[in-house]
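The values are calculated or read from the model by the stated rules, or taken from the named source; none is laboratory data. Keep in mind the model is a prediction, meaning the values are calculated, not measured. Neighbour counts run over all protein chains shown; Cβ positions are idealised from the backbone, glycine included.
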Amino acid sequence: MSTPPFSPFTIFAHRGASGLEPENTLRSFRRALELGLEWIELDVRMVEGTPVVFHDRTLSRRTKTRGVVERQSLSFIRSLDAGLGEKIPTLAEVLDLVRGRARTQVELKGPGCASAVAQLLGRAIAEGSAPDSFLISSFDSQQTTLCKRLLPEVPTACLTYGYPRRAAEFAASLSAVSFHLNLDAVTPARVRELKEAGLKVFVYTVNSNDDLAFVKNAGVDGVFTDFPDRIR
Ligand code: G3P
Ligand code: MG
């Protein structure tokens, strides 16, 4: 497993260029590619055995209907308008779009998506994608661990809401190369501790220049942003 060649300050297009286009759609990822982003971030949920790219547990915020995403049929999910006429994409579609043009930070959001995602990424790698063109994370550390076991060559990240006790040890237990820290949990001391443990520290979600200045002062290595046009 190799650590991806991160830029000195790495920008992840959070859910694509989601401040400019409907989040987690092919349109938002295309916009991120047009803006020259090196990394996109996306969220995965399982629908009838197929990994789809969608953030929320339910459909109401992003579509004109309601219901839990994982309880729907794939054909129903694919019939929905996720904004500006965009479909909810499958992970396979996004990987096809991004291949060779940017790296993909795959967040395992829904339950039970690790093995299907590992299978898809494994296929992409067999077809020539570099293992370090992917970076796996999940708030559910068991899913990160399972993905790592199935696909050891793909780098993993430690993703948390707060700041766990023994954070660096926790990240090491996931073989993480990076720590994805909530903006509210950033302090210079924590960033120092993680970096001393050899981790990159990336912060979500940074959309203003004030927040950018704050996290840069704290010494972080990069940010997730909805506005990759502004945050440079
Ligand atoms: O992966 C970083 C970030 O996307 C985590 O939060 O809720 O935007 O998926 P969320
Ligand atoms: Mg996410």
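Listed values, structure above:
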read-out: Single unsatisfied condition, Asp140 versus (1) under 17 Å from the mean Cα position of the chain (by Cα); (2) away from ligand 2 (no atom under 16 Å from the Cβ); (3) over 25 Å from Ser28 (Cα atoms); value: (2)
read-out: Count - residues of region 4-57 that are assigned to a strand (DSSP E or B), among the β-branched types (Val, Ile, Thr) and more than 14 Å from ligand 1 (Cβ to nearest atom); value: 3
read-out: Number of positions in region 185-232 that are among the polar types (S, T, N, Q), over 21 Å from Glu38 (Cβ atoms) and either in a helix (DSSP H, G or I) or within 16 Å of ligand 2 (Cβ to nearest atom) (or both); value: 1
read-out: Residue ID - farthest from the chain's Cα centre (by Cα), chosen from residues in region 62-111 that are within 16 Å of ligand 1 (Cβ to nearest atom) and assigned to a strand (DSSP E or B); value: Arg103
read-out: Residue list for region 155-184, filter: part of a loop (DSSP other than H, G, I, E, B), surrounded by fewer than 16 Cβ atoms within 10 Å (Cβ to Cβ) and within 16 Å of ligand 1 (Cβ to nearest atom); value: Tyr161, Gly162, Pro164
read-out: Tabulated pairs, region 1-16, first within 16 Å of ligand 2 (Cβ to nearest atom), second at pLDDT below 95, C-beta under 7 angstrom, 6+ apart or interchain; value: Ile11/Ile231
read-out: Leading residue by the ranking (farthest from Glu86 (Cα to Cα)) among those in region 22-58 that are touching a residue at least 40 places away in the same chain (Cβ under 8 Å) and more than 16 Å from ligand 2 (Cβ to nearest atom); value: Glu38
read-out: Residue among Leu159, Leu135 that alone is within 16 Å of ligand 2 (Cβ to nearest atom) and in contact with a Pro (Cβ under 6 Å, 6 or more places away or on another chain); value: Leu135
read-out: Any chance Gly128 is within 16 Å of ligand 1 (Cβ to nearest atom) and surrounded by fewer than 13 Cβ atoms within 10 Å (Cβ to Cβ); value: no
read-out: Among (1) within 16 Å of ligand 1 (Cβ to nearest atom); (2) among the hydroxyl-bearing types (Ser, Thr, Tyr); (3) within 30 Å of Gly36 (Cβ to Cβ) - the single one Ser141 does not satisfy; value: (3)
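This table checks each residue for (1) surrounded by 21 or more Cβ atoms within 10 Å (Cβ to Cβ); (2) of a type in the set (Asp, Glu); (3) over 21 Å from Val201 (Cβ atoms).
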{"site": "His14", "(1), (2), (3)": "yes, no, no"}
{"site": "Gly36", "(1), (2), (3)": "no, no, yes"}
{"site": "Arg45", "(1), (2), (3)": "yes, no, yes"}
{"site": "Leu74", "(1), (2), (3)": "no, no, yes"}
{"site": "Asp96", "(1), (2), (3)": "no, yes, yes"}
